[in-house]
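**Q** Take this structure, written in structure tokens, and hold onto it; I'll ask about it next.
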Amino acid sequence: MNKKPVYTVEEIKRKMERYCVYQDRCHKEVEDKLREYKLIPQAREAILLHLLEHNFLNEERFAKSFARGKFRIKKWGRIRIVRELKFRHISEYNIKTALKEIDEDTYMNNLYGLAEKKNNLIKDTNNYERKRKLYAYLNYRGYETSLIQEVIETYTK
């Protein structure tokens, strides 16, 4: 029989500290992780409180680093970033703060760069199909419809 090891509250507290130090986490991720340990509600609350008091868990910091990372590395647009943050139960205030991390010029450069790259990969000669595929791709990446249309007009003339 596969028995799970039993940990004390202190041991779990240390594990959660390491979990939060390794990478910024949101409350939802930490709560999901704590659920794995099948703690009583009071112990779970005590650990969460400890993580918050000692700044291991900071929702604003998480939102900012999430937005910066997804924008810079995965080149996601604002809509996708907002959707993902909402999925993680981040407050509207923290979402607004996180979006300020995105530089407007870099945002537009990313959008045009992605559009150019995708446009070169689309094999269709039918102009309508090219526009549809380019739109679908940029929309999936989370860019605003008005900006996508502006970019599509540039690349599919």
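The values are calculated or read from the model by the stated rules, or taken from the named source; none is laboratory data. Since we're looking at a predicted model, the values are computed, not measured. Note that each Cβ is placed from the backbone with ideal geometry, even for glycine, and that neighbours are counted across all protein chains shown.
**Q** When residues of region 52-87 are filtered for being farther than 16 Å from residue 101 by Cβ and crowded, with 21+ Cβ neighbours inside 10 Å, how many remain?
**A** As a first pass, look at region 52-87 and keep what is farther than 16 Å from residue 101 by Cβ: 52-57, 83, 86-87.
Within this subset, residues satisfying the condition of being crowded, with 21+ Cβ neighbours inside 10 Å are 57.
Looking only at that region, the number is 1.
**Q** I've got another one for you. Inside region 85-157, counting only helices (runs of 4 or more DSSP H) that do not spill past its ends, which hold 3 or more residues that are within 14 Å of residue 71 (Cβ to Cβ) and either free of Cβ contacts under 8 Å to residues at least 24 places away in the same chain or polar (S, T, N, Q) (or both)? Please lay out each step first, then the result.
**A** Values: elements: 92-99, 104-121, 127-140, 145-155.
In region 85-157, 104-121 are the helices (runs of 4 or more DSSP H) which contain 3 or more residues that are within 14 Å of residue 71 (Cβ to Cβ) and either free of Cβ contacts under 8 Å to residues at least 24 places away in the same chain or polar (S, T, N, Q) (or both).
**Q** Moving on. What do you reckon, is residue 114 assigned by TED's automatic domain parsing to the domain that holds residue 144 and not charged (D, E, K, R)? Working first, answer last.
**A** Details: assigned by TED's automatic domain parsing to the domain that holds residue 144: yes; not charged (D, E, K, R): yes.
Yes.
**Q** Hey, can you tell me all the residues within region 6-24 that are in a loop (DSSP other than H, G, I, E, B) and without any contact (Cβ under 8 Å) to a residue 24 or more places away in the chain?
**A** To start, the set of residues in region 6-24 that are in a loop (DSSP other than H, G, I, E, B) comprises 6-8, 23-24.
Listed by number, the residues that qualify are 6, 8, 23.
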